[in-house]
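Notes to accompany the following structure.
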Amino acid sequence: MGYVFLMIPKDGPVQRFYNVSEPMETSSKNEHSRKGAMWELERNLDQPMDAEAGRLRNMYREKTYPTILLLRLAFQSLGVVFGDLGTSPLYVFYNIFPHGIEDTEQVIGALSLIIYSLTLIPLVKYVFIVLRANDNGQGGTFALYSLLCRHAKINIIPNQHRTDQELTTYSRRIYEEKSLAAKIQRWLEGHQFRKNLILILVLFGTCMAVGDGILTPAISVLSATGGIQVEERRMRNDVVVIISVVILIGLFSMQHYGTDKVSWLFAPIVFVWFILIGILGAVNICKYDHSVLKAFNPVYVYRYFKRGKSSWTSLGGIMLSITGTEALFADLSYFPVQAIQIAFTVVVFPCLLLQYTGQAAFIAANTNQVSHAFYISLPAPILWPAFVVATAAAIVASQATISATYSIIKQALALGCFPRVKIIHTSKKYLGQIYSPDINWILMVFCIAVTAGFKNQSQIANAYGTAVIMVMLVTTFLMIPIMLLVWRSHWTLVVAFTVLSLLVEIPYFSAVVRKIDQGGWVPLVFAVGFLIIMYVWHYGTLKRYEFEMHSKVSMAWILGLGPSLGLVRVPGIGLVYTELASGVPHIFSHFITNLPAIHSTLVFVCVKYLPVYTVPPDERFLVKRIGPKNFHMFRCVARYGYKDIHKKDDDFEKLLFESLRLFVRLESMMEEYSDSDEYSTRELSLPNPRIRNGVTTTSTNNMELMSHDSIVPVNSHSNDTGSSQVMPASGQMAFQTVGDEIAFLNACRDAGVVHILGNTVIRARRDSGFIKKMAINYLYAFLRKICRENSAIFNVPHESLLNVGQVFYV
């Protein structure tokens with residue numbers, strides 16, 4: 001028997017190919033004799049099809065850019081990625097020496113630590129190593145987690161299908177049985193505790209990144225506006241705080257407009273800022289004390305620590321020089337890796353070294369002017385212009401961090417780790433620019449509370465440092481399995497990376513831990529709060545999914561009801577939304593046992609998110625038939641990545657019905673040209689044909705056909721005589737041609753579409769523990785009550801909505 005696969009190009013006629021066990025010439029003769037004239041068969045299909053598959057995959061992998069474009073992108077990345085790192089010189093030395101300076105060598109030792117911290121962490125670790133661990137250009141904690149989920153089965157919610165691995169963006173490696181990577185893969189997959197541990201680690205890093213989004217605007221704006229006190233020394237600190245709060249309120253209030261209209265200003269502002277601080281640093285080195293250049297000798301790091309306990313506690317201030325480094329990875333989605341590497345090595349790194357060295361030279365010559373040293377070292381004529389540029393740069397840095405927080409929340413929401421909040425896309429041109437009003441106002445309230453509550457840089461800096469170092473440690477620990485599983489690095493390289501990273505980060509961590517009571521507790525409180533919310537939401541989502549899986553309706557029960565399903569089939573189409581990617585949900589049995597009628601066509605719709613950054617539109621839908629043809633029941637799985645947009649209801653319906661019609665055509669063509677009336681449909685996988693287990697799969701432009709387990713009776717062609725009529729209300733009619741079924745589907749759609757949503761409520765059993773009862777009955781129930789309804793997420797109009805509720809106990 002030969003198996004058929006079809007390829008429907010974007011533009012052009014349908015072509016037919018065969019993959020057969022006997023010689024292709026013989027198959028061609030048989031088909032010509034039995035079916036008549038056919039398309040000309042190609043002798044060698046594997047090579048061109050593999051080439052097409054490779055071409056499609058490479059579309060979603062790392063791209064090469066012309067030099068001019070790369071330089072332009074590097075310039076633009078200054079405004080999005082490096083604002084936070086660039087504004088650090090405003091407050092670093094003040095937080096290193098809050099109680100004054102003993103001698104010049106102390107300044108040189110601190111400068112030496114700053115130089116080598118900038119070299120090892122931002123330059124070596126992030127720019128040249130961590131940035132390579134991107135998920136097709138996407139960065140951040142969840143990007144690392146998605147990479148791990150694809151290379152090891154550690155995803156807690158088991159809603160993936162083997163066809164998901166055939167996506168062009170679903171890249172993964174196959175390991176040899178005895179390799180180190182295979183052993184680590186089995187170890188990670190071997191116990192549920194390890195999967196939960198990785199999930200908690202990811203969630204904790206995400207929560208700390210959200211805390212970073214709260215603290216960055218507070219310390220950046222407060223430090224920039226503090227320059228007023230240099231010119232107006234009588235101005236009280238409360239006035240500076242009020243000015244900072246006003247700026248923050250304005251910043252958060254403008255978020256709903258998006259950054260598309262003003263983003264063109266970001267890069268020039270930050271570029272001018274870096275040039276300004278670089279020139280100022282060079283001038284100060286020549287003007288005050290060029291002996292600070294000795295700090296490039298690492299011996300002064302050793303001498304600095306020999307000074308005693310005070311040097312160790314000052315590490316919290318020194319660590320602020322590398323804050324903003326995590327933004328290099330979190331904001332990676334906007335620019336290619338090469339652009340960020342060029343911008344950092346050519347502009348950011350040299351200018352920061354010049355500024356810190358120049359500021360150290362000024363402080364060494366003026367030991368009593370550490371507070372606001374940046375502004376005091378400025379020549380009088382450029383003080384106010386520098387103040388304006390510094391404030392603008394601080395706002396840009398805050399904006400970048402706020403936008404990154406929105407992206408983090410969207411990723412967590414897509415992977416089922418955060419309650420459903422409203423996400424608005426503020427730009428039609430740049431899909432990554434989003435806004436969440438709920439998160440925005442929460443960030444604003446917390447940010448103002450931190451600014452007005454602490455009123456000084458030191459305590460905010462302690463809190464900020466705690467958040468940053470936690471994110472860095474999480475990244476280091478997640479990079480270990482990434483290097484072993486994804487990169488297949490030798491274990492010695494992994495050990496070297498881990499040791500060098502922890503050699504820098506552990507001392508900083510120990511320093512910020514000592515300052516928990518001096519403001520460092522703030523990000524921990526934020527992180528614990530968000531972590532509880534995210535984990536409880538994920539736990540409740542998992543329990544709901546497990547209930548759906550264990551209580552699926554059997555196909556035997558469906559077949560026993562007959563084509564009418566024991567009800568009156570009324571004209572129209574019912575879209576039954578479910579979280580199951582396979583099987584009939586329990587909510588359906590609840591529905592048909594309580595209502596007297598059901599729609600003539602039913603489509604079970606599962607919208608699921610995969611651990612990939614995007615699913616190409618032509619691979620979005622998987623469609624299959626449920627039961628015999630005269631049941632008129634289908635399944636449609638709509639697959640999204642964590643960066644994809646769920647389009648409006650009209651667009652979604654249009655794509656869904658196009659996929660449904662294409663499925664019917666493909667199924668009919670396979671049936672028509674099979675070797676016998678008794679046939680078995682094979683999986684047709686998009687968008688590039690492949691051969692799996694000797695069966696060739698297909699490529700289409702709009703959808704995937706997945707009907708390998710469809711129940712299709714023998715001789716399923718119509719036995720009726722005469723012409724077929726379109727009867728939307730009939731649940732038992734058969735079709736003579738594919739056109740009849742498509743006309744039937746069109747008539748059903750014209751009769752009306754109803755969206756049926758299941759509202760499953762979970763409750764803890766009476767014998768459950770106290771913590772479980774609190775988490776499920778109160779916290780999870782409260783989060784479901786205040787978060788957005790599924791109808792709003794799916795953009796379902798209220799006049800077409802039908803909610804079906806049920807309660808179950810876990």
Pair list, Cβ < 7 Å and 6+ apart or interchain, from the stretch 401-413 residues that are over 22 Å from residue 83 (Cα atoms) to residues that are part of a helix (DSSP H, G or I): 411/142; 412/142; 412/206; 412/534
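To keep it simple, each residue is scored yes or no on (1) in a helix (DSSP H, G or I); (2) out of contact with any Ser or Thr (no Cβ under 7 Å at 6 or more places or on another chain); (3) within 13 Å of residue 108 (Cβ to Cβ); (4) open to solvent by less than 80 Å² (accessible area, probe 1.4 Å).
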residue	(1), (2), (3), (4)
278	yes, yes, no, yes
281	yes, no, no, yes
292	yes, no, yes, yes
295	yes, no, yes, yes
300	yes, no, yes, yes
303	yes, yes, yes, no
310	yes, yes, no, yes
Test: residue in the stretch 174-190 that is under 24 Å from residue 581 (Cβ atoms), open to solvent by 50 Å² or more (accessible area, probe 1.4 Å), at pLDDT below 75 and not in a helix (DSSP H, G or I): yes
Subset of the stretch 488-509 [surrounded by 14 or more Cβ atoms within 10 Å (Cβ to Cβ) and in contact (Cβ under 8 Å) with a residue 12 or more places away in the chain]: 494, 497, 498, 500, 501, 502, 504, 505, 507, 508, 509
Every residue from the stretch 424-439 that is modelled with pLDDT of 80 or more and crowded, with 19+ Cβ neighbours inside 10 Å: 435, 436, 439
Of residues in the stretch 346-376 being of a type in the set (Val, Ile, Thr) and assigned to a helix (DSSP H, G or I), the one surrounded by the most Cβ atoms within 10 Å (Cβ to Cβ): 363
Residue in the stretch 531-552 that is farthest from residue 458 (Cα to Cα), counting only those that are open to solvent by 20 Å² or more (accessible area, probe 1.4 Å), in contact with a Phe, Trp or Tyr (Cβ under 9 Å, 6 or more places away or on another chain) and among the hydrophobic types (A, V, I, L, M, F, W, C): 547
Test for residue 320: is it of a type in the set (A, V, I, L, M, F, W, C) and open to solvent by 80 Å² or more (accessible area, probe 1.4 Å): no
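Here's the yes/no breakdown for (1) crowded, with 24+ Cβ neighbours inside 10 Å; (2) outside the structural domain of residue 330 (by the TED database); (3) under 14 Å from the mean Cα position of the chain (by Cα):
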| position | (1), (2), (3) |
| --- | --- |
| 107 | yes, no, no |
| 116 | no, no, no |
| 124 | no, no, no |
| 137 | no, no, yes |
| 145 | yes, no, yes |
| 164 | no, yes, no |
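Tell me, yes or no, whether the stretch 597-608 has at least one residue that is open to solvent by 10 Å² or more (accessible area, probe 1.4 Å), within 26 Å of residue 145 (Cβ to Cβ) and assigned to a strand (DSSP E or B).
yes
Of all residues being polar (S, T, N, Q) and touching a helix residue (DSSP H, G or I) at 6+ places or on another chain (Cβ under 7 Å) in the stretch 497-552, which is nearest to residue 781 (Cα to Cα)? Just the residue, please.
Filtering the stretch 497-552 down to residues polar (S, T, N, Q) leaves 498, 501, 510, 518, 541, 551.
Those still in the list that are touching a helix residue (DSSP H, G or I) at 6+ places or on another chain (Cβ under 7 Å) too: 498, 501, 518, 551.
Values: 498: 41, 501: 42, 518: 36, 551: 22 Å.
It comes out as 551.
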Given (1) farther than 20 Å from residue 363 by Cα; (2) surrounded by 13 or more Cβ atoms within 10 Å (Cβ to Cβ); (3) of a type in the set (Asp, Glu), index of the condition residue 238 fails: (2)
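The values are calculated or read from the model by the stated rules, or taken from the named source; none is laboratory data. Just so we're clear, the structure is a prediction, and the values are computed from it rather than from any experiment. Virtual Cβ from ideal backbone geometry, glycine too; neighbours counted across all protein chains shown. Remember, those area values only see protein heavy atoms, side chains included, never the ligands or the DNA or RNA. Shrake-Rupley method; radii C 1.70, N 1.55, O 1.52, S 1.80 Å.
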